[in-house]
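Below is one structure, written out as structure tokens; comments come after it.
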Amino acid sequence: MRRDVFQAIADPTRRAIIVLLATQVMTPNAIAEHFATTRQAVSKHLKILSECELVKQKPDGREIYYQLEVKKMKEVDKWLEQFRKIWEDRFNQLDDVLLKLKNNK
């Protein structure tokens with residue numbers, strides 16, 4: 001079964017792994033230290049993230065380092081962009097209502 005980027009980010013642990021990798025390259029063991037789960041569970045999450053091309057592996061001797069694939073994250077950003085305008089318009093409408101209520105007092 002081919003997974004897509006949205007299935008990958010649907011899981012909170014995978015989102016947390018993405019956040020960790022956004023700032024630094026890490027080994028699976030280093031990533032696993034941040035979670036109250038087994039190293040094998042973290043490896044499964046990394047496998048899914050790799051399949052979806054959100055992270056890539058960089059072997060270095062006996063270690064494998066994972067890093068975030070920023071280009072793939074842009075796919076998520078592009079999808080969310082369609083909603084930003086709607087949200088901004090609604091917040092602006094709410095600001096207008098609140099300003100009118102404040103002025104009527």
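Hey, can you tell me all the residues within the stretch 1-29 that are surrounded by 13 or more Cβ atoms within 10 Å (Cβ to Cβ), over 10 Å from the mean Cα position of the chain (by Cα) and in a helix (DSSP H, G or I)?
GLN7, PRO28
When the residues of the stretch 55-80 are narrowed to those that are touching a strand residue (DSSP E or B) at 6+ places or on another chain (Cβ under 8 Å) and not hydrophobic (A, V, I, L, M, F, W, C), which ends up surrounded by the fewest Cβ atoms within 10 Å (Cβ to Cβ)?
Going residue by residue through the stretch 55-80, those that are touching a strand residue (DSSP E or B) at 6+ places or on another chain (Cβ under 8 Å) are 55-59, 64-69.
Within this subset, residues satisfying the condition of being not hydrophobic (A, V, I, L, M, F, W, C) are 56-59, 65-67, 69.
Values: LYS56: 15, GLN57: 12, LYS58: 10, PRO59: 8, TYR65: 17, TYR66: 23, GLN67: 14, GLU69: 18.
Only one residue fits best here, namely PRO59.
Cβ-Cβ below 7 Å, separation at least six or inter-chain, first residue in the stretch 8-19 and more than 10 Å from LEU49 (Cα to Cα), second modelled with pLDDT of 95 or more and surrounded by fewer than 16 Cβ atoms within 10 Å (Cβ to Cβ): which pairs?
Matching pairs, first to second residue: THR13/PHE35.
Would you confirm whether any residue within the stretch 37-54 is in contact with a strand residue (DSSP E or B) (Cβ under 8 Å, 6 or more places away or on another chain) and not in a helix (DSSP H, G or I)?
Yes: the stretch 37-54 contains one or more residues that are in contact with a strand residue (DSSP E or B) (Cβ under 8 Å, 6 or more places away or on another chain) and not in a helix (DSSP H, G or I).
Report yes if some residue within the stretch 76-93 is within 22 Å of ARG3 (Cα to Cα) and touching a Cys at 6+ places or on another chain (Cβ under 9 Å); otherwise report no.
no
Name the pairs whose Cβ atoms lie under 6 Å apart, with the first residue in the stretch 36-53 and among the acidic types (Asp, Glu) and surrounded by 13 or more Cβ atoms within 10 Å (Cβ to Cβ), the second outside any helix (DSSP H, G or I) and at pLDDT below 95, and 6 or more positions between them or separate chains?
Close Cβ pairs (under 6 Å, with a partner that is outside any helix (DSSP H, G or I) and at pLDDT below 95) amount to GLU51/ARG3; GLU53/GLU69.
The values are calculated or read from the model by the stated rules, or taken from the named source; none is laboratory data. Quantities reported herein were computed from a predicted structural model and do not represent experimental measurements. Note: ideal-geometry Cβ built from the backbone for every residue, glycine included; neighbour counts use all protein chains shown.
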